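The values are calculated or read from the model by the stated rules, or taken from the named source; none is laboratory data. These numbers come from a predicted model, not from an experiment. Positions of Cβ are backbone-derived with ideal geometry, glycine not excepted, and every protein chain shown enters the neighbour counts.
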Amino acid sequence: MAQGRRALLCAAVPVAEIVFFELWRGPEPGRAGSFVMGVLFAALAFYGMWIGLRPPESEHRDAPSSFLGYDDYRFLWLAVGVSAAAIGAYLFDAPAGGRSGGSWLGYTLGSVSFGAMIWLMWFGIRKRSYTSRGAPLRAWLSAHVYLGLALLVLMPLHSAFQFGWNMHLLAMGLAALAIVTGIAGINFYSRIPTAVTRNRPGQKLEGLLQQIADIDARCFIAAKVLPDSYVESVKLAIEQTRIGGGIVSQLMGYRPGATADAIEEFTKLIRTQPLAGEAADRRQEIAELFAVKERLLRRVGRDIRLRGLMDLWLLVHVPVAFASVSAVAVHIFVVFYYR
């Protein structure tokens, strides 16, 4: 980060010279507003990147925090700085043939955007690299979010807001769709882990499933002293319990099934077939176990639904991201091949 600040200072020198020369010469007629706005955005760009490239502080690095607010919103400020620099350059630029994606600024912003997309794709590799050193994973995720959002500013500036029904628009549309699905992912990453922890605090899904299996085994043993009508109800509750399923079933979450039917059947049998002694005790035990199992099934259903939402999001976001990078690569080839 210290090297980044030194590079920023070196880059600021020629930029400052250009700005001061323009101030001394005065803006061209009709461009005073653009010039003033360009100066303001240049100042904001310098401030944002100065904060974003500051040396990391150990207390921020190790302190638990949301990935969005990592290190006092370091990467938000960096994204603001990059976006402001692009807007400022766009306002300063006044090519003879008019602004376009084929100008020096258009090529520069296009190159920066494509480089950022490649770096954003690298997050998938870093997320699975458990022995990596350097910045923690939440820092990568924070940068992934904010620099991805910055592309919504860089891409239209790259094309000078000129859109047509061609490969260029397809590439930009896919990239924008990847960013929009990424925004949905921000919501999922912010809410779902907390919901999962609240649903099964200190437990794993496998542990809940094992508890359900243990309850089924205890119910089966307890039912041996009961009449056949009770035994049949217990067997149905055990054999017809369904957990998970396809993506639709996962997203629907918990639905009352065999266990709920068995509880209702037990309630009817208690009224029509009264029991006494050990049989009554075993029936009461099974009824209580069924109630516990039903609560466990609800928790398992919620957990599977939350996991299903994350899986569905990944099934959309990742392929769209790959498609956007591929489309941009084709866009670059078409531009240089047919120029």
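Give 233, 142 a once-over and let me know the one that is more than 30 Å from residue 94 (Cα to Cα) and at pLDDT below 85.
Numbers: 142 fails: at pLDDT below 85.
None of the others qualify; the one that does is 233.
Among the residues of segment 93-116 satisfying the criterion of being more than 31 Å from the chain's Cα centre (by Cα) and among the polar types (S, T, N, Q), which is modelled with the lowest pLDDT? Among those that are more than 31 Å from the chain's Cα centre (by Cα) and among the polar types (S, T, N, Q), it is 100.
Here are some residues: 334, 328. Which one is farther than 30 Å from residue 225 by Cβ and surrounded by 18 or more Cβ atoms within 10 Å (Cβ to Cβ)? Walk me through it before giving the result.
Details: 334 fails: surrounded by 18 or more Cβ atoms within 10 Å (Cβ to Cβ).
The match here is 328.
For segment 220-261, filtered to residues that are in contact with a Lys or Arg (Cβ under 9 Å, 6 or more places away or on another chain) and of a type in the set (Gly, Ala, Ser), the residue that is nearest to residue 306 (Cα to Cα) is 253. Pairs meeting the criteria (first residue in segment 326-339 and closer than 15 Å to residue 159 by Cα, second residue part of a helix (DSSP H, G or I) and acidic (Asp, Glu), beta carbons under 6 Å, at least 6 apart or on different chains) are lacking. Looking only at segment 238-253, count every residue that is in a helix (DSSP H, G or I) and among the small types (Gly, Ala, Ser) and tell me the total. Looking only at that region, the number is 1.
Any residue at all in segment 122-131 that's within 16 Å of residue 324 (Cα to Cα) and either outside the structural domain of residue 82 (by TED's automatic domain parsing) or outside any helix (DSSP H, G or I) (or both)? Walk me through it before giving the result.
If we filter segment 122-131 for residues that are within 16 Å of residue 324 (Cα to Cα), which is where we start, we get 122-124.
From what is left, the residues that are either outside the structural domain of residue 82 (by TED's automatic domain parsing) or outside any helix (DSSP H, G or I) (or both) are 122.
There is at least one residue in segment 122-131 that is within 16 Å of residue 324 (Cα to Cα) and either outside the structural domain of residue 82 (by TED's automatic domain parsing) or outside any helix (DSSP H, G or I) (or both).
Any residue that is within 23 Å of residue 214 (Cβ to Cβ), in the same structural domain as residue 218 (by TED's automatic domain parsing), among the β-branched types (Val, Ile, Thr) and assigned to a helix (DSSP H, G or I) - is there at least one of those in segment 296-314? Yes - at least one qualifying residue is present in segment 296-314.
For segment 26-35, check the following and say yes or no: at least one residue is in contact with a helix residue (DSSP H, G or I) (Cβ under 6 Å, 6 or more places away or on another chain) and at pLDDT below 80. Don't jump to the end; show me each part of the working.
Keep residues of segment 26-35 that are in contact with a helix residue (DSSP H, G or I) (Cβ under 6 Å, 6 or more places away or on another chain), which gives 27, 34.
Adding the requirement that they be at pLDDT below 80 leaves 27, 34.
Within segment 26-35 (the criterion being in contact with a helix residue (DSSP H, G or I) (Cβ under 6 Å, 6 or more places away or on another chain) and at pLDDT below 80), the answer is yes, since at least one residue qualifies.
If you go through segment 212-223 one residue at a time, do you hit one that is part of a loop (DSSP other than H, G, I, E, B), touching a residue at least 60 places away in the same chain (Cβ under 8 Å) and not aromatic (Phe, Trp, Tyr)? No: segment 212-223 contains no residue that is part of a loop (DSSP other than H, G, I, E, B), touching a residue at least 60 places away in the same chain (Cβ under 8 Å) and not aromatic (Phe, Trp, Tyr).
Scoring residue 181 on the criteria (1) polar (S, T, N, Q); (2) surrounded by fewer than 16 Cβ atoms within 10 Å (Cβ to Cβ); (3) under 22 Å from the mean Cα position of the chain (by Cα); (4) within 25 Å of residue 251 (Cβ to Cβ) leaves a single failure, condition (2).
Count of segment 232-271 residues, restricted to those that are under 41 Å from the mean Cα position of the chain (by Cα) and either acidic (Asp, Glu) or not assigned by TED's automatic domain parsing to the domain that holds residue 214 (or both), is 2.
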